[in-house]
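Working notes, beginning with the structure itself.
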Amino acid sequence: MKNETEKTSKIFTGAIIALVILLLIMLTCMIGYGNSIKNIQHNNQQLIVQTLKNLEIKNTKNEIFEILIKENNSDKLNKITNEQYNDFLIKYNENQSNWLNIWLTILGIALAFIGLIAPLCFMKLYEDKKAEMDKIIEEARQQKDKAELSVQKMEEQLQEVNNQSKKMSEDLATVKKYVNEAQSLAKYAEGLNKEREDKKEEAENLYKEAIQLNPQNDDALDRLGCLYGGKKDFTKAIEYLEKAIAINPTAVHYNNMSSIQDSSNNIPEAIKYELLALEKAVNDNNRAFYNSILSYLYSKQKNTDKTLYYLNEAHSLSSAPKVMCNCCAALINIKKYKDAIEQLKVLIKINPSATNYYNLTEAYIFDKQITEALKTIKIYITKQNNRECQGIYTDDFEKWIATLQQEEETPEIKELIEIINSLEKRER
């Protein structure tokens, strides 16, 4: 492309030079024509001057020249003048015609050259330049496309790096979350061990550490709520249990909340949460246990019908010791002492615990079987311990003493009262 452009430029330059040469030739010819005219005029003037030497010239008034011609020279002068003038005119016209033809020919050639050669050269130059510019534009477009592809690729790579970085951050957060959850579970398990060892303060601190590591540890929240319930701080107990339920509404959490509400003497709320626990129960043993608690709660409201309904539901599902114990307590509350005694005797054969002897003592006292109550309370004293059952609840103490004082005092009643008075008092 570059070679063709240079070739076209050379042709155009040559054409311009040729045009200049033609114009110079034409100018030269015109100058020659002018010189010829001048020569003719000069020769004519010389002839006239030569003729006038024989003329007489008189100057008058400094304004008009009058030529006084001799008669014998007048015809001669006219003849010479006419002949010279005619010759001059003929030659002038011939020369003018010839030079005009030459000039027109040269001008026609020049115009033809300019009209044909020059536009072709210009067109060729235009096409060459256009092709060159098109090539430059195409190269620029290709460079632009390459640049756009490079930028797009860089953006894709940057996006990929960002995605990988985000994924790594998420993975790191997930790992950290799992680590915290594992550490939280470890603290929770350690807290359970301390609670079994009756080291409740240490257990409370461990549960708090577990919650700090994982605020979603609902089991730690549940146990911490139960510990506060044991300390009679029912406000905090309910607060932690509500958090546990909000995270994971399990039957265990509902049951523990029911227990806290029962301890705070809010029986309607205790029944509400125990019913929720029953709905969430996963097997018959759990359903039997929650039914037995509902039987006990309704017995505290003196609602005999519902007490017996849930008691029968519990018996139909399981005869586990905890279930029977709750049912017996419910029977005592609705004053079905003989039924309670019979069931407690059966239960003691299965599980001779301090709690069962405590409940049996209470049933004997309310049923006025003083001798049996005296025997049973002595066995209870040997079995009581710190974790299961120790001493006597304050409200039971008042009811037992009041019941015994209604009877005629006998050595057995006196001894039973003395033993009851010796028991350590405690709140539920």
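Any read-out appearing in this document is the output of simple, stated calculations on the displayed coordinates, not a laboratory observation. None of the values given here were measured: they were computed from a predicted structure. When we count neighbours, we look across all protein chains shown, and the Cβ atoms used for this are built from the backbone with ideal geometry, even at glycine.
Take the Cα of E201, step 7 Å toward its Cβ, do the same at V20, and the gap between the two points is 11.8 nm. Modelled label positions at E156 and K375, each set 7 Å beyond Cα in the direction of Cβ, lie 9.3 nm from each other.
Under 15 Å from the Cβ of Q261, count the other residues' Cβ atoms, weight Lys and Arg +1, Asp and Glu -1, and hand me the total. Within the 15 Å Cβ shell, the charges total -2. The Cα atoms of the range 293-375 define a convex hull whose projected area, averaged across directions, is 4.8 nm². Working from Cα pairs under 8 Å separated by at least six residues, relative contact order for the range 178-280 is 19 percent.
For K208 and L149, what does the FRET efficiency come to when R0 = 56 Å and r is the distance between their Cβ atoms, rounded to the nearest 0.05? Could the numbers behind the result be given before it?
Details: r = 59 Å, r/R0 = 1.05.
About 0.45, to the nearest 0.05.
How high is the relative contact order of the range 208-352, in percent, with contacts defined as C-alpha pairs under 8 Å that are six or more residues apart?
Values: 200 pairs, mean separation 20.9, N = 145.
Normalised by residue count, the contact order of the range 208-352 is 14 percent.
Summarising the label geometry, the points placed 7 Å from Cα in the beta-carbon direction at E190 and M133 lie 8.4 nm from one another.
Taking the beta-carbon count within 10 Å as an exposure proxy, list H253, H315 from fewest neighbours to most.
Numbers: H253 26, H315 17.
Exposure proxy ranking, most exposed first: H315, H253.
Considering every Cα-Cα pair within the range 178-280, what fraction, in whole percent, is farther apart than 16 Å? I get 54 percent for the Cα pairs in the range 178-280 exceeding 16 Å.
Quick one: which of K345/K383; K368/K399; K232/K280; K302/K336 span more than 18 angstrom between C-alpha atoms?
Working: K345/K383 16 Å; K368/K399 13 Å; K232/K280 27 Å; K302/K336 12 Å.
Checking Cα-Cα distances, K232/K280 exceed 18 Å.
Here the convex hull built on the C-alpha positions of the range 165-225 has a volume of 57 cubic angstrom per residue.
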